[in-house]
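**Q** One structure, as structure tokens, below. Some questions next.
The values are calculated or read from the model by the stated rules, or taken from the named source; none is laboratory data. For clarity, every value in this text was computed on a predicted model and none was experimentally measured. Cβ coordinates were reconstructed from backbone atoms using ideal geometry, including for glycine residues, and neighbour counts include every protein chain displayed.
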Amino acid sequence: MDFDEYRAHDAVGLAKLVADKEVTAAELLDIAKARAAEVNPRINAIIRDVPADASQRREGPFAGVPFLIKDLAQDYAGLPTSAGSRALMSTPAPEHATVVRRWLDAGLVVFGKTNTPEFGAKGITEPDAWGPARNPWDLTRSPGGSSGGSAAAVAAGIVPCAGANDGGGSIRIPAGCCGLVGLKPGRGLTPSGPAVGESMHGAAVQGVVSRTVRDTAAMLDVIIGGEPGAPYQPALPESSFTSAVGADPGTLRIGVRVPSAINPEPHREAFAAVDRTVQALTDLGHHVDELPQAPFDDAALARDFLLTWFVYTAWELDEAKRLTGAGDDAFERDTLILAAIGRATGSVDYVDAVQRRHEHTRRLTTFFESYDLLLTPTLATPPPKIGEFDLPALLQRASDVLLKTRTAGLLRHTGIVDDMVDKNLNWVPYTQLANLTGRPAISLPLHWTADGVPLGVQFVAPLGGESLLIRLAAQLEQALPWANRLAPV
């Protein structure tokens, strides 16, 4: 098998070839590693090798298929999980994460870990520890984040799908940037353990980025379900997600909204992505309505998301210090700023923001009384250029002074916060809704810009709507095929 044949198959297809003895796991691993050696120096997607013995007998639905895991919240026993941080680059994980164990039990051959921003705290992947990951469609652009390394690796053809997770858009943003399928499951459906019961009050979940809907569905079948240390037992679907691929989604009522309070004037390509999708949906017989306003208070939701994100970053930084003994110099300036703002947040303000998630959920639930799905762009602009969100030199110097004098909490009253919020959410104002409300959402690669870079569209579903998203995604995949498009890298 050569690379072109390898690239023509998704993970389900490669697994069938192995099962039928048309190719061996060792051959597939050799091709994946050769492709990585060819393109990874340019895209910086894989930042750590994982020892892999492809000759080992494997069983499971993905036996023998090469796979990559994210270097954040996907621990591999004996190897560090750096979370994109210099502080954690040498601290080995004591055991496999539950989701990694389930991938291994499914027969996947894990041979590397992928790049991620420090603590996954950004929608771009440019950590000081490893350097920036680059978008295979345009090496001057970001592949998104925080699962940017995984998305870049899949888009470049190293593997057909790769591990990802999502606490504010970290599966869907990279999928939208790299021309991939990215499904964020609903709260609690996938495991966070064994070290963590649930992450970010359940807002963060595990999943994959992939090229095909059937890979996304089959991977979800592999990893769903509770575990002994989880806070609750999730309700599982009556039938597999794989069986939803190709099933009729019925005639759907879909509400669409492009402008947001954070970005009232999205890029014309965001409108073009939605327009193309609406036309396809209409041709398929679905009913699509343009919404005069967002079905929730998106400005308030953004503030609540960021407040909890700042506090969570402060906790993560302090936890890394406790684990490693590292000082502030082991962390990035932006991380220190976010943590300082988090520490300056009052406990009552934090609980208020968490409690308001229920208000956002109720408003979205009311919307779903009239509609089956919410449609938005995944991104409000095309993928940003590498370095586009670096703090200006003046703000860097000002923040350094405040950090050194331990008065950085004052940053919450300066323009630095507004600048960071504007730059980090202005281009991705749509994805946090599904995390705070715990609803499933999917990004699909239905549009490429005039410059030839992807800009995905997002569908948000009601609670338990993963199967519906998969049915519609498969229908759109057949109407507007994307899997055979190869990034120019």
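**Q** In segment 151-173, how many are assigned to a helix (DSSP H, G or I) and either among the aliphatic types (A, V, I, L, M) or touching a Leu at 6+ places or on another chain (Cβ under 6 Å) (or both)?
**A** Result for segment 151-173: 6.
**Q** Under 6 Å between Cβ atoms, which residue pairs at least 6 apart in sequence (or on different chains) link something in segment 159-172 that is on the phi > 0 side of the Ramachandran plot with a partner that is assigned to a loop (DSSP other than H, G, I, E, B) and not hydrophobic (A, V, I, L, M, F, W, C)?
**A** From segment 159-172, the pairs are GLY169/THR431.
**Q** Something else now. Going residue by residue through segment 80-89, is there one that turns out to be within 16 Å of PRO160 (Cβ to Cβ), touching a residue at least 24 places away in the same chain (Cβ under 8 Å) and surrounded by 24 or more Cβ atoms within 10 Å (Cβ to Cβ)?
**A** Within segment 80-89 (the criterion being within 16 Å of PRO160 (Cβ to Cβ), touching a residue at least 24 places away in the same chain (Cβ under 8 Å) and surrounded by 24 or more Cβ atoms within 10 Å (Cβ to Cβ)), the answer is no, since none of the residues qualifies.
**Q** Could you tell me whether segment 439-455 includes any residue that is over 15 Å from the mean Cα position of the chain (by Cα), within 17 Å of THR212 (Cβ to Cβ) and acidic (Asp, Glu)?
**A** No.
**Q** Out of SER147, SER142, report the one residue that is farther than 29 Å from LEU468 by Cβ and surrounded by 24 or more Cβ atoms within 10 Å (Cβ to Cβ).
**A** SER142
**Q** Looking only at segment 271-293, how many residues end up being over 23 Å from the mean Cα position of the chain (by Cα), under 17 Å from LEU374 (Cβ atoms) and of a type outside the set (Val, Ile, Thr)?
**A** 10
**Q** Find all pairs meeting these conditions: Cβ atoms under 6 angstrom apart; at least six residues apart or on different chains; first residue within segment 281-299 and in a loop (DSSP other than H, G, I, E, B) and surrounded by fewer than 16 Cβ atoms within 10 Å (Cβ to Cβ); second residue at pLDDT 95 or above and not acidic (Asp, Glu).
**A** As it stands, the answer is GLY285/THR251, since those pairs meet every condition given.
**Q** Also, quick follow-up: Got at least one residue in segment 90-99 being out of contact with any Gly (no Cβ under 9 Å at 6 or more places or on another chain) and either among the aliphatic types (A, V, I, L, M) or at pLDDT below 95 (or both)?
**A** Within segment 90-99, not a single residue is out of contact with any Gly (no Cβ under 9 Å at 6 or more places or on another chain) and either among the aliphatic types (A, V, I, L, M) or at pLDDT below 95 (or both).
**Q** If you don't mind, there's one more thing I want to ask. Since ALA34 meets every condition but one in (1) over 17 Å from LYS113 (Cβ atoms); (2) assigned to a loop (DSSP other than H, G, I, E, B), which condition does it not meet?
**A** (2)
**Q** Also: Residue under question is ALA320, and the condition is that it be part of a helix (DSSP H, G or I) and among the small types (Gly, Ala, Ser); does it hold?
**A** yes
**Q** Testing ALA83 on (1) over 28 Å from PRO488 (Cβ atoms); (2) in contact with a strand residue (DSSP E or B) (Cβ under 8 Å, 6 or more places away or on another chain), one condition comes back false. Which one is that?
**A** Checking ALA83 against (1) over 28 Å from PRO488 (Cβ atoms); (2) in contact with a strand residue (DSSP E or B) (Cβ under 8 Å, 6 or more places away or on another chain), the one that fails is (2).
**Q** Identify, please: which residue in segment 53-83 is at pLDDT below 95 and small (Gly, Ala, Ser) and is, among those, nearest to LYS113 (Cα to Cα)?
**A** Of everything passing the filter in segment 53-83, ALA54 is nearest to LYS113 (Cα to Cα).
**Q** Does segment 475-483 contain at least one residue that is surrounded by fewer than 24 Cβ atoms within 10 Å (Cβ to Cβ) and without any contact (Cβ under 8 Å) to a residue 60 or more places away in the chain?
**A** Yes, the conditions are met somewhere in segment 475-483.
**Q** Next up: Of the numbered conditions (1) of a type outside the set (Val, Ile, Thr); (2) in contact with a strand residue (DSSP E or B) (Cβ under 6 Å, 6 or more places away or on another chain); (3) modelled with pLDDT of 95 or more, ASP20 satisfies every one except a single condition; which is it?
**A** Condition not satisfied by ASP20: (2).
**Q** Out of the residues in segment 300-333 that are charged (D, E, K, R) and under 20 Å from ALA353 (Cβ atoms), which is surrounded by the fewest Cβ atoms within 10 Å (Cβ to Cβ)?
**A** Only one residue fits best here, namely ASP318.
**Q** Quick check on this structure: which one of ARG42, ARG48 is outside any loop (DSSP other than H, G, I, E, B) and either touching a strand residue (DSSP E or B) at 6+ places or on another chain (Cβ under 7 Å) or hydrophobic (A, V, I, L, M, F, W, C) (or both)?
**A** None of the other options fit; the residue is ARG48.
**Q** Which of the residues that make up segment 201-232 are closer than 16 Å to ALA97 by Cβ and buried (at least 19 other Cβ atoms within 10 Å of the Cβ)?
**A** Within segment 201-232, ALA204, VAL205, GLN206, GLY207, VAL208, MET219, VAL222, ILE223, ILE224 qualify.
**Q** Does ASP10 satisfy being more than 30 Å from MET200 (Cα to Cα), in contact (Cβ under 8 Å) with a residue 12 or more places away in the chain and under 22 Å from the mean Cα position of the chain (by Cα)?
**A** Yes.
**Q** For residues that are assigned to a loop (DSSP other than H, G, I, E, B) and either out of contact with any Asp or Glu (no Cβ under 7 Å at 6 or more places or on another chain) or among the acidic types (Asp, Glu) (or both), tally how many sit in segment 196-229.
**A** Looking only at that region, the number is 10.
**Q** Could you check, for segment 238-258, whether at least one of its residues is modelled with pLDDT under 95 and either under 30 Å from ILE341 (Cα atoms) or not hydroxyl-bearing (Ser, Thr, Tyr) (or both)?
**A** Yes.
**Q** Tell me which residues, restricted to segment 93-133, are of a type in the set (D, E, K, R), crowded, with 24+ Cβ neighbours inside 10 Å and not in a loop (DSSP other than H, G, I, E, B).
**A** Result: LYS113, GLU118.
Yes/no per residue for (1) surrounded by 11 or more Cβ atoms within 10 Å (Cβ to Cβ); (2) touching a helix residue (DSSP H, G or I) at 6+ places or on another chain (Cβ under 7 Å); (3) aromatic (Phe, Trp, Tyr); (4) at pLDDT 95 or above:
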| site | (1), (2), (3), (4) |
| --- | --- |
| ILE341 | yes, yes, no, no |
| GLN355 | no, no, no, yes |
| LEU374 | yes, yes, no, yes |
| HIS413 | no, no, no, no |
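**Q** Related question: In segment 31-50, which residues are free of Cβ contacts under 8 Å to residues at least 12 places away in the same chain and either of a type outside the set (Gly, Ala, Ser) or in contact with a Leu (Cβ under 6 Å, 6 or more places away or on another chain) (or both)?
**A** The answer is GLU38, PRO41.
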